[in-house]
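Accompanying notes for the structure given below.
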Amino acid sequence: MNGLASTLLIVIYVACELIANITAGRTIDVGGFTAPGGVLIYALTFTLIDLLNERLGRPGARRVVFAALAANVLLAGYTTLVLAMPAPEFFTHSAAFETVLGSTPRIIVASLAAYVVSSLIDVEIFALWKERVGGYRWMRVLVSNSISTGVDSILFVLIAFAGVLPLIPLIAGQYAIKMLVTVISLPLIYSTGSLRTGRQPA
């Protein structure tokens, strides 16, 4: 059962990463903050990787991060290939399809770089806190996510929009939304204990 639960969590994590990239092209407004459409589900992945870290340990969590990176590279590569191929005359939605999936190379590089750096930082901070401090899972999640989502927001916005858009509002907006999702998703980290023992530890 534990193996099945871990596999399901990995699938959900990778799926969330892919969905976030697919929906990033649609800008949304969340409480006055402007951000890519994928920010809500992407923010959830930081808590999910903490949950996987809790179940699989640091090496397992790292492997999941790189598996999701490979899936995202495959997605970016294949959509680029499809967009480069000619469409038949009866297909009249090429422009709309390209608008949704045709992210610029700069955005793709920014997304992948920010993802892998911030996720590995999250894995390390969470594991170090668990090893040296222990207890209080909710605090491990808050500390690791507060740092890693900050790194993610700064890296992504700098690489993607430096010299094009105002950076501070974009960084602040993304960070605020990601931390809000982190707080809302905190109870997820206790599912590790309940799945294993039927009770929820502190």
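Residue pairs whose Cβ atoms lie under 9 Å apart, separated by 6 or more positions or on different chains, with the first residue in the range 111-129 and at positive phi and the second charged (D, E, K, R), do not occur.
In this entry, L8 passes the filter for residues that are over 20 Å from V151 (Cβ atoms) and loosely packed, with under 14 Cβ neighbours inside 10 Å. If I filter the range 61-83 for residues that are at pLDDT below 90 and in a loop (DSSP other than H, G, I, E, B), do I get at least one hit? No. Annotation: P105 fulfils all but one of (1) exposed (fewer than 11 other Cβ atoms within 10 Å of the Cβ); (2) modelled with pLDDT of 85 or more; the unmet one is (2).
The values are calculated or read from the model by the stated rules, or taken from the named source; none is laboratory data. Just so we're clear, the structure is a prediction, and the values are computed from it rather than from any experiment. Glycine also receives a Cβ, built like all others from the backbone with ideal geometry; neighbour counts cover every protein chain displayed.
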